[in-house]
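K.L.:
One structure, pasted below without further comment.
The values are calculated or read from the model by the stated rules, or taken from the named source; none is laboratory data. The structure presented is a predicted model; accordingly, all values stated were derived computationally and were not measured. Please note: Cβ atoms are built from the backbone with ideal geometry, for glycine as well, and neighbour counts cover all protein chains shown. Surface accessibility is based on the protein's heavy atoms, side chains included, excluding ligands, DNA and RNA. Shrake-Rupley method; radii C 1.70, N 1.55, O 1.52, S 1.80 Å.
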Amino acid sequence: MKKFLALLLFLCLSLTACASDGPAETEIFAMDTYMRLRIWGDRELLSDTVDEIRRLEGLFSVTDEKSEIFLLNRDGQAVLSADTAEILTRAIALSERTGGAFDPTVYPLVSAWGFTSGEPHIPTQDELNVLLPSVDAAHLRLDGSNAALTDGAQLDLGGIAKGYTAQKCLELLSEKGVQAAMLSLGGNVQTLGSKPDGKPWVIGIANPEEPTEAIATLTFNGSMAIVTSGGYQRYFDLDGARYHHILDPQTGMPAETGLASVTVLTQDGTTADALSTALFVMGMEKSVELWRESDDFEAIFITQDRKIFATKGAADLLGGCEFEEITR
Ligand code: ADP
Ligand code: MG
């Protein structure tokens with residue numbers, strides 16, 4: 001009995017020791033998704049981070065009637081706070097960089113498909129034809145903190161807001177002296193620094209067919225944003241067909257390029273988020289062209305026929321699966 005008590009005491013002590021070495025962590029629901037925050041540091045930093053996420057959600061939400069994006073969509077013009085002006089500046093630049101595959105003015109289409117209301121339906125070609133001319137990042141005008149929307153354009157930052165938020169939260173934590181943190185905001189994972197135990201970060205890449213399981217892992221040290229966009233993340237089935245939430249701004253239809261998911265690895269969370277959405281729309285061939293002329297991101301493509309392709313820099317970190325390497 002004594003031995004048992006001693007063992008129990010030992011176990012309790014070692015668990016406490018582990019807990020104090022480990023990160024402070026919490027889970028929240030925000031920006032319409034589950035988020036997991038892990039910070040190696042003071043527990044108070046968790047609530048600071050949650051506050052920052054809620055603050056940015058309050059600016060960028062398309063449904064919150066007090067958000068700056070809601071007011072800009074409603075009134076066609078608005079004076080923006082620094083964060084909203086910055087995310088829109090980045091969104092316009094990333095839209096240009098991806099030839100419009102990432103488009104922050106996609107809201108009329110998202111709305112027509114009912115993805116925001118939670119009552120999805122298939123719009124007719126006539127409906128889409130009416131909406132398509134309003135979908136163009138060129139209809140968003142920014143002049144410092146003044147924004148205007150023309151030609152019936154409406155914003156939806158669903159493809160970039162989580163990446164921007166992760167980036168800002170980690171910058172804030174870094175300013176406060178935090179050496180290691182990992183934020184997982186839906187499909188967006190971003191790390192800061194390296195864990196104090198010296199072990200590398202190991203991030204699972206979801207199996208598109210069984211999203212709660214990992215199909216592969218990325219192992220690395222240091223700061224990185226890893227963002228996955230996949231047709232499996234939000235969709236509805238009707239009459240035997242599947243319709244997902246990543247729309248091709250050219251056609252108004254869910255993008256079908258033979259990809260099940262795209263994962264982007266880069267240093268900047270905002271870039272990672274917008275690019276993962278864009279590459280999914282562009283398909284692998286055009287994405288690889290963009291990769292060859294860029295030096296700031298790597299990518300992993302999972303095709304609908306279950307093949308995995310990884311650009312050189314991603315291939316070096318990828319394990320647990322068979323894949324084909326894409327070279328420059
Ligand atoms: P998730 O938000 O599910 O992690 P994404 O980052 O790929 O996935 O963003 C998809 C969301 O972005 C959609 O739900 C919609 O709000 C918006 N969106 C859809 N298509 C596009 C597009 N072509 N460009 C920009 N945003 C898009
Ligand atoms: Mg995205």
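K.L.:
Cα axis of helix 2-21 to longest principal axis of the chain: angle in degrees, 0 to 90, nearest 10?
P.N.:
Rounded to the nearest ten degrees, it is 40.
K.L.:
How large is the dipole of region 148-213 about the Cα centre if only Lys and Arg carry +1 and Asp and Glu carry -1, each at its Cβ, rounded to the nearest 20 debye?
P.N.:
I would put it at about 380 debye.
K.L.:
Can I ask one more? For the chain, modelled as a Gaussian network with Cα springs under 10 Å, which listed residue fluctuates most, Ile215, Ile28, Ile205?
P.N.:
Of the options given, Ile28 has the highest mean-square fluctuation.
K.L.:
Got a sec to turn the phi values of region 174-180 into Karplus ³J(HN,Hα) couplings, 6.51 cos²θ - 1.76 cosθ + 1.60 with θ = phi - 60°, whole Hz, x for Gly and Pro?
P.N.:
My calculation for region 174-180 gives 4, 4, 7, x, 5, 9, 8 Hz in order.
K.L.:
For the pairs Lys176/Lys312; Lys199/Lys307; Lys162/Lys199; Lys162/Lys312; Lys168/Lys195, note any where the Cα-Cα span goes beyond 24 Å.
P.N.:
Lys176/Lys312; Lys199/Lys307; Lys162/Lys199; Lys162/Lys312
K.L.:
Could you work out [θ]222 nm for the chain from helices alone, using -39500 (n - 2.57) per DSSP H run of at least four and dividing by all its residues? Round to the nearest 500 deg cm²/dmol.
P.N.:
When only DSSP H runs of four or more count, the value is -11500 deg cm²/dmol.
K.L.:
For helix 44-60, report the angle its Cα long axis makes with the longest principal axis of the Cα atoms of the chain; keep it between 0 and 90° and round to the nearest 10°.
P.N.:
So the inclination is approximately 10 degrees.
K.L.:
With the full set of protein chains in place, find how many percent of the accessible area of the chain is carbon and sulfur; take the probe as 1.4 Å.
P.N.:
Carbon and sulfur: 52 percent of the exposed surface of the chain.
K.L.:
Need the list of aspartates and glutamates near Lys66 for cross-linking: C-alpha distance under 13 angstrom, and skip anything on the same chain fewer than eight residues off.
P.N.:
By straight Cα distance, Lys66 reaches Glu57, Asp75.
K.L.:
With all protein chains present, calculate the accessible area of Ser117 using a 1.4 Å probe and round the result to the nearest 10 Å².
P.N.:
Its heavy atoms expose roughly 80 Å² to the probe.
K.L.:
Quick check for you: with a 1.4 Å probe and neighbouring chains kept, what is the accessible area per residue of region 187-317, in Å²?
P.N.:
With all protein chains present, region 187-317 gives 42 Å² per residue.
K.L.:
Now a separate question. Would you compute, for the Cα atoms of region 138-181, the largest minus smallest coordinate along each principal axis and list the three values in descending order, in whole Å?
P.N.:
Cα extents, longest axis first: 46, 22, 10 Å.
K.L.:
Can you tell me, using C-alpha contacts under 8 Å and at least 6 residues apart, the relative contact order of region 203-249 as a whole percent?
P.N.:
About 25 percent, as a whole number.
K.L.:
Using the C-alpha atoms of region 145-225, what convex hull volume per residue, in cubic angstrom, is computed?
P.N.:
Spread over its residues, the Cα hull of region 145-225 gives 119 Å³ apiece.
K.L.:
Hey, if we sort Thr26, Thr327 by accessible area with the 1.4 Å probe, largest down, what's the order?
P.N.:
Descending accessible area places them as Thr327, Thr26.
K.L.:
Using the Karplus curve 6.51 cos²θ - 1.76 cosθ + 1.60 with θ = phi - 60°, what ³J(HN,Hα) values do you get for each residue of region 241-254, in whole Hz, with x for Gly and Pro?
P.N.:
Values per residue, Gly and Pro as x: 10, 10, 10, 10, 9, 9, 9, 7, x, 6, 10, x, 9, x Hz.
K.L.:
For Thr26, enumerate residues with amide H under 5 Å from its amide H, sequence gap 5+ or separate chain, H modeled in the peptide plane.
P.N.:
Leu37
K.L.:
Along the three principal axes, how long is the chain when you take its alpha carbons, biggest first, rounded to the nearest angstrom?
P.N.:
Principal-axis extents of the chain (Cα, largest first): 78, 45, 41 Å.
K.L.:
Given the whole protein assembly as supplied and a 1.4 Å probe, what does the accessible area of Asp143 come to in Å², nearest 10?
P.N.:
Near enough 110 Å² of accessible area.
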